[in-house]
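Structure record follows, encoded as structure tokens.
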Amino acid sequence: MMTKIIQASIVVAILSLTSMAQAPGRDARKTAVVVPADVGLAVVVSQPESPLKIEEAEILRYFSGGYGPSYRLRNSGRKTIVAYTIAKWNSNNSGSVIDWHTTDHEPPLLPGKSEKESSNVRIVQLRDDLRTEFDLRPPLRAITFFLIVKVSFSDGTKFDASATFAALRTHLESFDSVYERLKR
């Protein structure tokens with residue numbers, strides 16, 4: 001009888017831990033919603049000459065606050081990629097540059113292969129209450145441009161679109177005064 005009580009207690013404890021681990025909002029840092037395109041538009045810059053392609057680009061709004069990118073990278077070329085630089089730049093001329101290179105824990109991106117850059121984020125459906133809570137209602141507030149800046153291959157060759165990135169930033173600077181007026 002005592003053995004059955006102990007076994008039942010262990011089962012209840014395991015079930016309680018499992019339900020706590022799966023409870024929504026427990027890991028708020030890694031839980032997000034996709035920002036709707038009528039609020040934040042994600043645009044992938046067309047770069048047909050780049051063997052590294054950005055696909056499925058989205059902007060995420062984290063439950064813990066802040067925003068981040070989600071996208072898939074695909075090596076459409078014939079060479080193995082060992083490093084890359086990607087820019088995620090906003091229409092208000094702010095953003096981030098992401099550098100990646102192979103390590104012992106990060107294998108190279110082989111030809112024909114792809115990887116998702118937000119695979120450790122739990123994305124939940126954007127409900128009406130979350131739209132209100134996170135202020136994700138129109139109008140459109142920003143356009144986020146995703147572009148490949150540099151790619152390095154295992155044979156030592158490189159793809160470099162730094163000039164394209166610099167041109168985009170220069171162009172967006174001309175809109176700085178417009179965005180400042182909109183903030184007032």
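Values in this text are rule-based calculations from the coordinates and carry no lab data. The model shown is predicted, which means the values in this text are computed figures rather than measured ones. Cβ coordinates were reconstructed from backbone atoms using ideal geometry, including for glycine residues, and neighbour counts include every protein chain displayed.
Counting only aspartates and glutamates at least 8 places from Lys79 when in the same chain, those with an alpha carbon closer than 12 Å to its own are Asp155. Taking other C-beta atoms within 10 angstrom as a stand-in for reagent exposure, Val34, Val151 fall in the order Val34, Val151, fewest first. Which value in Å does the Kirkwood hydrodynamic radius of the stretch 58-121 take, with 1/r averaged over all unlike C-alpha pairs and then inverted? The Cα-based Kirkwood calculation yields 13.4 Å.
Summary value for the stretch 29-183: 31 percent relative contact order, contacts being C-alpha pairs under 8 angstrom separated by 6+ residues. Computed from the Kirkwood radius of its Cα pairs, the Stokes-Einstein diffusion coefficient for the stretch 29-183 at 37 °C and 0.692 mPa s stands at 196 µm²/s. The listed peptides 125-133, 35-43, 90-98, ordered by packing as a protection proxy, come out as 35-43, 90-98, 125-133 (highest mean of other Cβ atoms within 10 Å first). Under 19 Å of direct C-alpha separation, and excluding same-chain neighbours fewer than eight residues apart, Lys53 reaches these aspartates and glutamates: Asp99, Glu106, Glu115, Glu117, Asp160.
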